[in-house]
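S.K.: Can you read through this structure? Questions will come right after.
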Amino acid sequence: MKKIAIILLVVFAANVSVKADEGMWLVHLIGEKTYANMVKRGLKLTKEQLYSMNKNSLKDAIVLFGGGCTAEVVSKEGLLFTNHHCGYGNIAASSTVEHNYLKDGFWAKSKKEEIVCPGLSVQFLVKIEDVTDMVNLKLKDVKPADLSAKLIAILTEMSTKATDGSGNEVRVSSFFKGNQFLQFTYQRYTDVRLVGAPPESIGKFGGDTDNWEWPRHTGDFSIFRIYMSPEGKPADYSDKNVPFLAKSFLPISLKGVNDGEYAMIYGYPGGTNRYETTYGVKLKIDIDNPSLVNLRAERLKAMYAEMVKDPAVKIQLASSYAGIANYWKFFDGESKQLLKHNVIAQKGKEEKAFEAWAKGKPEYDNLFANIGATYDAWRPYAKGRMYLNEGIKGSPLLGFASSLKSLDDALSSPASAPEEIKKAVAMAKTNFSAFLKSENTASDRNIVAMVVKMFFTDIAADQRPQAFYNMMQKGYGDMAMDATYQNFAKAVFEKTMLLDENKWDNFISKSDTAALHADLAYKTAMAFVTNFNANYAKFYTQFTANNFAYNKLYLKGILEMKKGQEFYPDANQTMRVSYGNVKSYSPRDAVKYREICTLNGVMEKYSPGDYEFDAPAKLIELVNNKDFGQYIDKKANDIVVSFITTNDITGGNSGSPVINSKGELIGLAFDGNYEALSHKIAFDGELNRTICLDVRYLLFIVDKLGGAKNIIDELVLSKQ
């Protein structure tokens, strides 16, 4: 096994040093100074207990769940805890109107009742290796303008080569904007089954209103189990598979939390950009975020109007709606907090400090002038790209139609090999089945009308697909009238073959592009895609290439400038650990937020029949009878629903275990607070809080409301 070099670097996220509790640290590169600080804050575990390549450690109890969440193993038989919103798509997919697990919850009272979740998998981290020298050797003669494109190809090739024949999956990831490269080896388990989920009125209590807010009273959890072959290997679903035999699992503390106590979070944070320049922050505030927020708001409005009419539609759209809504509110809040905390000015100070250090070093001459010119060249076209991706492709129908371009290209090109065509057809068939299952035409028809109109009204006239809008005006009426867009959308949905299985089967069996080219939905999607590809894609390619090269150079300079100090790289869905404390806070004058929320707060918000603040009758009965069992918090004389910590997390940490100083599970991370939604770009050491589900509330719901004592009996509980 290759020995991993310990790299000591520096964080340059604010001014000179890392702010209190800032840092999502690579688990294998925790330096002595960082570890000493963890111990000072309360940690009682050794570094080897935190992470070991050769012995069981905490990292062996943590999994990458699905495509972008975290979960933790909590029993020797592979039981997993994660967030309700992480399991939401699988809960919805398992639901029907007759067995509505979203609405009513689900509890497997035996392993035989656990529900198979097709497509769901989890990944365990096996090992990490530093391959920086190997990648840099391959990049040695690459020009700066070609770095971005070449690097993608190099990392893909290295990952594929390392994966082949290994029985594992290997991904080579870039850190510090292309200044360091690590190779991660994972073992994937593909038989994962649903074990338990609370009713949505608990799992999503507070809905979009409370999302990203504190106080918070959401029981955001779901429970799954990993299965393996009888021989102990990863395997696809089989009724012969057996529960996973865990190398390591987390015991659960019933002691509860106090203000100031140590808290540690493991997980797979998805992405931050804390070394973003002032130019990038300005683009985000001025164009990218407002565009996304406006477009998603309209899509949500169209979906919600149909979901409230029919329980079947709610089940159908639930997962998609939740995902769109989550980041609609995030990006709206992010812009406001970036402005409120004057992040552009903070970044400006950092850049001036860098320029002062770089003076006399020719390699960095005119660096920020070049970055500024790169953004100036792209800025006029940024909104159009957002409106294409979040608007036009935000319609499920037009999004699916645009995905057929690869099939069209394969069928139209004389150079296409038979295998290439076969692969494109197979992919189109798979995508069509998934699309048709999830498509709600009533809401999507309104989305199409809305996004086509918004593109016309909000995007500069010389950047629109003019021939398309000329056709609309000629065939459907005045472009200033809403009825024109509604009539056009109606025609799209009436005429397209992409909603008719028989017409689709006839088209796909012939492998002929004529029907596709005549389809109004495909023609509409292609009008916008072709317009961008022909006229503006080159500007985006140039922007991303130059921006990558200049930012790589900027980070190279930062590493030189702060050489010898410990620091963490931006999040990129690789395993990290953050540490902090349970801590109350004061977000504004005369307001002090306690560190915990209780069931009393649920009752204060409870509104019978409300879409967001209803609660199960049985929960109300348990509260009224004070039937809290061993899960009561004696100090609060109530059930603690959630608590807050100072830990540094971001998207992807959803479902992450919150662990006390002894390595016991005390909660599940599930959200950040609104006052610190600038955290992807700039961490706020005073206001940043992670909102965590108290594990005792999880157990209370499982036991007292769900009656699933079999799950409780499987856990190792500690009262010390």
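The values are calculated or read from the model by the stated rules, or taken from the named source; none is laboratory data. Bear in mind that the values here come from a model prediction, so they are computed numbers and not experimental data. Note: ideal-geometry Cβ built from the backbone for every residue, glycine included; neighbour counts use all protein chains shown.
S.K.: Quick one: count up the residues across segment 542-574 that are under 30 Å from Q463 (Cα atoms) and either in contact with a Gly (Cβ under 9 Å, 6 or more places away or on another chain) or without any contact (Cβ under 8 Å) to a residue 40 or more places away in the chain (or both).
M.R.: Step one: of segment 542-574, the residues under 30 Å from Q463 (Cα atoms) are 542-551.
Filter again for either in contact with a Gly (Cβ under 9 Å, 6 or more places away or on another chain) or without any contact (Cβ under 8 Å) to a residue 40 or more places away in the chain (or both), leaving 547-549, 551.
The number of residues fulfilling the criteria is 4.
S.K.: Is it the case, given these coordinates, that G685 is under 28 Å from the mean Cα position of the chain (by Cα), closer than 23 Å to Q346 by Cα and surrounded by fewer than 23 Cβ atoms within 10 Å (Cβ to Cβ)?
M.R.: Details: under 28 Å from the mean Cα position of the chain (by Cα): yes; closer than 23 Å to Q346 by Cα: yes; surrounded by fewer than 23 Cβ atoms within 10 Å (Cβ to Cβ): yes.
So G685 fits the description; yes.
S.K.: Another question, if that's okay. Wholly within segment 628-672, which strands (runs of 3 or more DSSP E) include no fewer than the required count, namely at least 1 residues that are among the small types (G, A, S)?
M.R.: Details: elements: 640-645, 657-659, 665-672.
The qualifying strands (runs of 3 or more DSSP E) are 640-645, 665-672.
S.K.: Here's something else I'd like to know. Which one is nearest to R296 (Cα to Cα), of the residues in segment 439-497 that are within 29 Å of the chain's Cα centre (by Cα) and charged (D, E, K, R)? If you could, list the steps in order and put the result at the bottom.
M.R.: We begin by selecting, within segment 439-497, every residue within 29 Å of the chain's Cα centre (by Cα); these are 439-452, 454-455, 458-459.
If we keep only those that are charged (D, E, K, R) too, we end up with 439, 444-445, 458.
Details: E439: 17, D444: 13, R445: 15, D458: 15 Å.
So, considering only residues that are within 29 Å of the chain's Cα centre (by Cα) and charged (D, E, K, R), the one nearest to R296 (Cα to Cα) is D444.
S.K.: Quick one: which of M497, M472, M481, M526 is touching a helix residue (DSSP H, G or I) at 6+ places or on another chain (Cβ under 6 Å) and over 19 Å from N440 (Cα atoms)? Don't jump to the end; show me each part of the working.
M.R.: Details: M497 fails: over 19 Å from N440 (Cα atoms); M481 fails: touching a helix residue (DSSP H, G or I) at 6+ places or on another chain (Cβ under 6 Å); M526 fails: touching a helix residue (DSSP H, G or I) at 6+ places or on another chain (Cβ under 6 Å).
Answer to the check: M472.
S.K.: Residues that are aromatic (F, W, Y) and surrounded by fewer than 21 Cβ atoms within 10 Å (Cβ to Cβ): does segment 192-209 have at least one? So that I can check it myself, show each step before the final result.
M.R.: At the first step, the residues of segment 192-209 found to be aromatic (F, W, Y) are 205.
From the residues that got through so far, the ones that are surrounded by fewer than 21 Cβ atoms within 10 Å (Cβ to Cβ) too are none.
Checking segment 192-209: not a single residue is aromatic (F, W, Y) and surrounded by fewer than 21 Cβ atoms within 10 Å (Cβ to Cβ).
S.K.: Checking N168 against (1) surrounded by 15 or more Cβ atoms within 10 Å (Cβ to Cβ); (2) within 23 Å of the chain's Cα centre (by Cα); (3) within 25 Å of E77 (Cα to Cα): exactly one of these is not met. Which one?
M.R.: The failed condition is (2).
S.K.: List pairs: first residue in segment 485-502 and in a helix (DSSP H, G or I), second residue polar (S, T, N, Q) anywhere in the structure, Cβ distance under 7 angstrom, at least six positions apart or on different chains.
M.R.: V492/T524; F493/T441; L499/T441
S.K.: Select from segment 341-382 the residues that are over 30 Å from E560 (Cα atoms) and either aromatic (F, W, Y) or modelled with pLDDT under 95 (or both) and list them in ascending order.
M.R.: Within segment 341-382, the first condition is being over 30 Å from E560 (Cα atoms), and the residues that meet it are 379-382.
Matches in segment 341-382: Y381 only.
S.K.: If I go through segment 509-540 residue by residue, how many of them are touching a residue at least 24 places away in the same chain (Cβ under 8 Å) and farther than 23 Å from V448 by Cβ?
M.R.: 4
S.K.: Still on this model: Can we say D478 is in contact (Cβ under 8 Å) with a residue 40 or more places away in the chain, exposed (fewer than 14 other Cβ atoms within 10 Å of the Cβ), among the charged types (D, E, K, R) and not in a helix (DSSP H, G or I)?
M.R.: Working: in contact (Cβ under 8 Å) with a residue 40 or more places away in the chain: no; exposed (fewer than 14 other Cβ atoms within 10 Å of the Cβ): yes; among the charged types (D, E, K, R): yes; not in a helix (DSSP H, G or I): yes.
Judged against the criteria, D478 is not a match.
S.K.: Still on this structure: Restricting to segment 629-673, count the residues that are touching a strand residue (DSSP E or B) at 6+ places or on another chain (Cβ under 6 Å) and not hydrophobic (A, V, I, L, M, F, W, C).
M.R.: 17
S.K.: Just one of Y304, Y321, Y275 is touching a residue at least 24 places away in the same chain (Cβ under 8 Å) and hydroxyl-bearing (S, T, Y); which is it?
M.R.: Values: Y304 fails: touching a residue at least 24 places away in the same chain (Cβ under 8 Å); Y321 fails: touching a residue at least 24 places away in the same chain (Cβ under 8 Å).
Criteria check complete, one pass: Y275.
S.K.: Please work out if S402 is hydroxyl-bearing (S, T, Y), in contact with a Pro (Cβ under 9 Å, 6 or more places away or on another chain) and within 27 Å of Y485 (Cα to Cα).
M.R.: Values: hydroxyl-bearing (S, T, Y): yes; in contact with a Pro (Cβ under 9 Å, 6 or more places away or on another chain): no; within 27 Å of Y485 (Cα to Cα): yes.
In short, no.
S.K.: What do you reckon, is Y522 within 30 Å of the chain's Cα centre (by Cα), of a type in the set (S, T, Y) and not assigned by TED's automatic domain parsing to the domain that holds M454?
M.R.: Working: within 30 Å of the chain's Cα centre (by Cα): yes; of a type in the set (S, T, Y): yes; not assigned by TED's automatic domain parsing to the domain that holds M454: no.
No.
S.K.: Select, from L388, L367, L338, the only residue that is over 29 Å from the mean Cα position of the chain (by Cα), in the same structural domain as N446 (by TED's automatic domain parsing), crowded, with 18+ Cβ neighbours inside 10 Å and touching a residue at least 12 places away in the same chain (Cβ under 8 Å).
M.R.: Working: L388 fails: over 29 Å from the mean Cα position of the chain (by Cα); L338 fails: over 29 Å from the mean Cα position of the chain (by Cα).
Result: L367 is the single residue among L388, L367, L338 that is over 29 Å from the mean Cα position of the chain (by Cα), in the same structural domain as N446 (by TED's automatic domain parsing), crowded, with 18+ Cβ neighbours inside 10 Å and touching a residue at least 12 places away in the same chain (Cβ under 8 Å).
S.K.: In segment 103-121, how many residues are on the phi < 0 side of the Ramachandran plot, of a type outside the set (D, E, K, R) and in contact with a strand residue (DSSP E or B) (Cβ under 8 Å, 6 or more places away or on another chain)?
M.R.: Here is the first cut: in segment 103-121, the residues on the phi < 0 side of the Ramachandran plot are 103-104, 106-118, 120-121.
Now narrow it down to the ones that are of a type outside the set (D, E, K, R): 106-108, 110, 115-118, 120-121.
Add one more test, that the residue is in contact with a strand residue (DSSP E or B) (Cβ under 8 Å, 6 or more places away or on another chain), and what stays is 106-108, 115-117, 120-121.
Qualifying residue count for the region: 8.
S.K.: Something else about it: What number goes with the only condition from (1) among the aliphatic types (A, V, I, L, M); (2) touching a strand residue (DSSP E or B) at 6+ places or on another chain (Cβ under 6 Å); (3) surrounded by 20 or more Cβ atoms within 10 Å (Cβ to Cβ); (4) under 14 Å from G629 (Cβ atoms) that L717 does not pass?
M.R.: With respect to (1) among the aliphatic types (A, V, I, L, M); (2) touching a strand residue (DSSP E or B) at 6+ places or on another chain (Cβ under 6 Å); (3) surrounded by 20 or more Cβ atoms within 10 Å (Cβ to Cβ); (4) under 14 Å from G629 (Cβ atoms), L717 is out only on (3).
S.K.: Now, a different point. Go through segment 207-319 and tell me which helices (runs of 4 or more DSSP H), entirely inside it, have 2 or more residues that are more than 30 Å from M38 (Cα to Cα) and polar (S, T, N, Q). Don't jump to the end; show me each part of the working.
M.R.: Numbers: elements: 207-210, 278-283, 289-307.
Per the criteria, 289-307.
S.K.: Still on this structure, I have one more. Tell me the helices (runs of 4 or more DSSP H) entirely within segment 364-451 that contain at least 3 residues that are touching a Phe, Trp or Tyr at 6+ places or on another chain (Cβ under 7 Å). Let's see the steps before the verdict.
M.R.: Working: elements: 367-386, 396-403, 405-412, 418-438.
Where helices (runs of 4 or more DSSP H) fall fully within segment 364-451 and carry at least 3 residues being touching a Phe, Trp or Tyr at 6+ places or on another chain (Cβ under 7 Å), they are 367-386, 396-403, 418-438.
S.K.: Those residues that are more than 18 Å from L295 (Cα to Cα) and charged (D, E, K, R), I need them from segment 456-486; list them, please.
M.R.: Scanning segment 456-486 gives D462, K474, D478.
S.K.: I'd like to check something: does segment 669-679 contain any residue that is of a type outside the set (K, R), touching a Pro at 6+ places or on another chain (Cβ under 7 Å) and closer than 20 Å to L58 by Cα?
M.R.: Within segment 669-679, the subset of a type outside the set (K, R) is 669-679.
Adding the requirement that they be touching a Pro at 6+ places or on another chain (Cβ under 7 Å) leaves 675.
Applying the additional criterion that residues be closer than 20 Å to L58 by Cα yields none.
No, because not a single residue in segment 669-679 is of a type outside the set (K, R), touching a Pro at 6+ places or on another chain (Cβ under 7 Å) and closer than 20 Å to L58 by Cα.
S.K.: Still on this structure, please answer the following. Considering only segment 417-430, I want to know if a residue exists there that is surrounded by 15 or more Cβ atoms within 10 Å (Cβ to Cβ), within 19 Å of K503 (Cα to Cα), free of Cβ contacts under 8 Å to residues at least 60 places away in the same chain and not charged (D, E, K, R).
M.R.: yes
S.K.: Out of (1) of a type outside the set (A, V, I, L, M); (2) over 30 Å from G372 (Cα atoms); (3) not assigned by TED's automatic domain parsing to the domain that holds K429, what's the single condition that is false for T544?
M.R.: All conditions are met except number (2).
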